[in-house]
Amino acid sequence: MELQEAIQQRKSVRSYENRHIEREKLEEILNACILTPTGKNRQPLFYVILQDEKKKDELLEKAGCKNNY
């Protein structure tokens, strides 16, 4: 799929599957995230990867978020 085609066919996803992501795919996604530009190169982004449901729920609770994920 060409970049232009991928951009034109993109869509928002609001329902997620509860399944494990293969490590290789996760690393590929994270490497792409690391290369994304930030405003004025401030690089304020960070990523948290949780695959343990209990730990994810604990983090969401501490952050004051409802568990909608």
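The values are calculated or read from the model by the stated rules, or taken from the named source; none is laboratory data. This structure is a prediction, so every number in the text was calculated from the model and none was measured. Positions of Cβ are generated from backbone atoms using ideal geometry, with glycine treated the same way; all protein chains shown enter the neighbour counts. When the accessible area is computed, the model is the full protein with side chains, heavy atoms only, and any ligands, DNA or RNA have been set aside. Shrake-Rupley method; radii C 1.70, N 1.55, O 1.52, S 1.80 Å.
Name the single residue, out of those in the stretch 50-66 being under 22 Å from Val13 (Cα atoms) and surrounded by fewer than 10 Cβ atoms within 10 Å (Cβ to Cβ), that is modelled with the highest pLDDT.
Asp52
Residues of the stretch 11-52 being outside any loop (DSSP other than H, G, I, E, B) and touching a residue at least 12 places away in the same chain (Cβ under 8 Å), which ones? Working first, answer last.
So in the stretch 11-52, the residues outside any loop (DSSP other than H, G, I, E, B) come out as 23-34, 39-41.
Correct list: Leu26, Leu30, Cys33.
For residues that are farther than 24 Å from Leu60 by Cβ and open to solvent by 100 Å² or more (accessible area, probe 1.4 Å), tally how many sit in the stretch 2-21.
Let us first name the residues in the stretch 2-21 that are farther than 24 Å from Leu60 by Cβ, namely 2-11.
Now drop any that are not open to solvent by 100 Å² or more (accessible area, probe 1.4 Å), which leaves 2-4, 8-11.
Qualifying residue count for the region: 7.
From the residues in the stretch 12-33 that are among the hydrophobic types (A, V, I, L, M, F, W, C) and modelled with pLDDT of 85 or more, which one is farthest from Lys54 (Cα to Cα)? It would help to see each step written out before you state the result.
As a first pass, look at the stretch 12-33 and keep what is among the hydrophobic types (A, V, I, L, M, F, W, C): 13, 21, 26, 29-30, 32-33.
Next cut, modelled with pLDDT of 85 or more only: 21, 26, 29-30, 32-33.
Details: Ile21: 17, Leu26: 20, Ile29: 23, Leu30: 22, Ala32: 27, Cys33: 25 Å.
Looking at the filtered set, the residue picked out is Ala32.
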